[in-house]
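The values are calculated or read from the model by the stated rules, or taken from the named source; none is laboratory data. Bear in mind that the values here come from a model prediction, so they are computed numbers and not experimental data. Cβ placement follows ideal geometry from the backbone for every residue including glycine, while neighbour counts extend to all protein chains displayed.
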Ligand code: SF4
């Protein structure tokens, strides 16, 4: 377990524990320049200089911005160049290497959006509507498949009242919709009052049975999960059972995203425990990342710790083919091997996450071995996965790693 301590830089500035524990202070003091990062992390001059050159390149329009919370920076072991949190959040020269990936082929397809160019209401499956209420995050992950919306910030910033009304109408009109997934950017960036207003409106729709909030706040800014937040969430969940016209209540679940045991700070564990104590379900999604967690023992440690906290293991995701992330992607065959090895460990029987690959047509569960419906094909473009999609019923293609 990695412990965070307030960096000396902030102590010298008179930052108190109360401020450090305030999620709004963490947000307001976001780090996005190499100069700030060098000072907070107390980096040697040579390293700061390298980062300055890198950040200057990233300042070009259309490239991927850096955003870090002071808390996140405090979790990194700066003496370790392969620190897993560092590799996920600090940019590297490898991001500039040309690759064959295109953002347009990642996840967001114009036809999936019920509100056209506004792009807040996305639907790939008849029973799930994905609401994108925010377009930024507490901190940015370099591998983010939403980077057009987050790191590149080229899509509008946050949903407004008119678009939210349209979202409610779309959900109400579709009786097949059971789940509302609120995801990327990070919904925890939204102020309490507004977020609770959105949730309070969604629970009034009788056919909605589950609301899932996907967040990386427990890693980036765990103070977000404060007492008021947890109590209000639990109240909204309880109130949903008493709404006229509803047969049953709504389950509100928090989808956390941990990729390595080092991310389970005491503050993150406190947040998980307070959610669980309040009766809020917590599930985890892990992205398989090269040199970070593409190893059975690393994932065993993470999954075991999460199970000990009663966190459901939801997905292990093959990293998406996102531009600038080739150095972080590992092959689908590596994921299959890890899944086979995890299955052999009796402690995970019946509790393993699904290994999935996200494609712009939807998520596809990866079998533990290649077969006729899920195979690796060598083409002139490089290695590709060809699979019979559960969603389209057709063969779909995704670039894989050589
Ligand atoms: S928190 Fe999630 S949506 Fe935000 S940058 Fe990280 S992966 Fe992307």
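Computed quantities for the displayed model
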{"read-out": "Flag if residue 332 is under 22 Å from residue 231 (Cα atoms) and either crowded, with 18+ Cβ neighbours inside 10 Å or in contact with a strand residue (DSSP E or B) (Cβ under 6 Å, 6 or more places away or on another chain) (or both)", "value": "no"}
{"read-out": "Restricting the stretch 114-126 to residues that are surrounded by fewer than 18 Cβ atoms within 10 Å (Cβ to Cβ) and assigned to a loop (DSSP other than H, G, I, E, B), the residue that is modelled with the highest pLDDT", "value": "126"}
{"read-out": "Cβ pairs under 7 Å, 6+ apart, first in the stretch 71-98 and within 20 Å of residue 222 (Cβ to Cβ), second loosely packed, with under 13 Cβ neighbours inside 10 Å and at pLDDT below 95", "value": "74/5"}
{"read-out": "Any chance residue 98 is assigned to a loop (DSSP other than H, G, I, E, B), under 21 Å from residue 58 (Cα atoms) and away from the ligand (no atom under 16 Å from the Cβ)", "value": "yes"}
{"read-out": "Any hit, the stretch 4-26, residues being outside any helix (DSSP H, G or I), on the phi > 0 side of the Ramachandran plot and touching a helix residue (DSSP H, G or I) at 6+ places or on another chain (Cβ under 8 Å)", "value": "no"}
{"read-out": "Residue match in the stretch 100-113 (condition: buried (at least 18 other Cβ atoms within 10 Å of the Cβ), modelled with pLDDT of 95 or more and either in contact with a strand residue (DSSP E or B) (Cβ under 7 Å, 6 or more places away or on another chain) or not assigned by TED's automatic domain parsing to the domain that holds residue 286 (or both))", "value": "no"}
{"read-out": "Whichever residue in the stretch 45-86 is touching a strand residue (DSSP E or B) at 6+ places or on another chain (Cβ under 8 Å) and not in a loop (DSSP other than H, G, I, E, B) and, among such residues, is surrounded by the most Cβ atoms within 10 Å (Cβ to Cβ)", "value": "70"}
{"read-out": "Of all residues making up the stretch 180-205, the number that are over 21 Å from residue 67 (Cβ atoms) and surrounded by 17 or more Cβ atoms within 10 Å (Cβ to Cβ)", "value": "8"}
{"read-out": "Hits in the stretch 157-174 (condition: out of contact with any helix residue (DSSP H, G or I) (no Cβ under 9 Å at 6 or more places or on another chain) and within 16 Å of the ligand (Cβ to nearest atom))", "value": "157"}
{"read-out": "Filter pass, residue 219 being within 16 Å of the ligand (Cβ to nearest atom) and assigned to a helix (DSSP H, G or I)", "value": "yes"}
{"read-out": "Qualifying residue in the stretch 147-156 (condition: more than 16 Å from the ligand (Cβ to nearest atom) and in the same structural domain as residue 317 (by TED's automatic domain parsing))", "value": "no"}
{"read-out": "Pairs where the first residue, in the stretch 276-305, is more than 22 Å from residue 254 (Cα to Cα) and in the same structural domain as residue 82 (by TED's automatic domain parsing) and the second is modelled with pLDDT of 95 or more and away from the ligand (no atom under 16 Å from the Cβ), C-beta under 6 Å, 6+ apart", "value": "none"}
{"read-out": "So residue 284, is it in contact with a helix residue (DSSP H, G or I) (Cβ under 6 Å, 6 or more places away or on another chain), over 20 Å from residue 383 (Cα atoms) and either assigned to a loop (DSSP other than H, G, I, E, B) or at pLDDT below 95 (or both)", "value": "no"}
{"read-out": "Hits in the stretch 354-377 (condition: farther than 22 Å from residue 110 by Cβ and surrounded by fewer than 18 Cβ atoms within 10 Å (Cβ to Cβ))", "value": "354, 365, 367, 368, 369, 370, 371, 372, 373, 375, 376, 377"}
{"read-out": "Answer residue from the stretch 127-145, given it is modelled with pLDDT under 95, within 21 Å of residue 171 (Cβ to Cβ) and assigned to a loop (DSSP other than H, G, I, E, B) and is farthest from the ligand (Cβ to nearest atom) among those", "value": "133"}
{"read-out": "Among the residues listed as 316, 269, the single one being touching a helix residue (DSSP H, G or I) at 6+ places or on another chain (Cβ under 9 Å), assigned by TED's automatic domain parsing to the domain that holds residue 367 and surrounded by 19 or more Cβ atoms within 10 Å (Cβ to Cβ)", "value": "316"}
{"read-out": "Out of 230, 177, 208, sole residue that is under 30 Å from residue 67 (Cβ atoms), surrounded by 16 or more Cβ atoms within 10 Å (Cβ to Cβ) and away from the ligand (no atom under 16 Å from the Cβ)", "value": "230"}
{"read-out": "Pair list, Cβ < 7 Å and 6+ apart or interchain, from the stretch 180-197 residues that are closer than 17 Å to residue 219 by Cα and not assigned by TED's automatic domain parsing to the domain that holds residue 68 to residues that are away from the ligand (no atom under 13 Å from the Cβ) and assigned to a helix (DSSP H, G or I)", "value": "187/195"}
{"read-out": "Which listed residue is touching a strand residue (DSSP E or B) at 6+ places or on another chain (Cβ under 8 Å) and surrounded by fewer than 16 Cβ atoms within 10 Å (Cβ to Cβ), from 308, 344, 285, 351", "value": "351"}
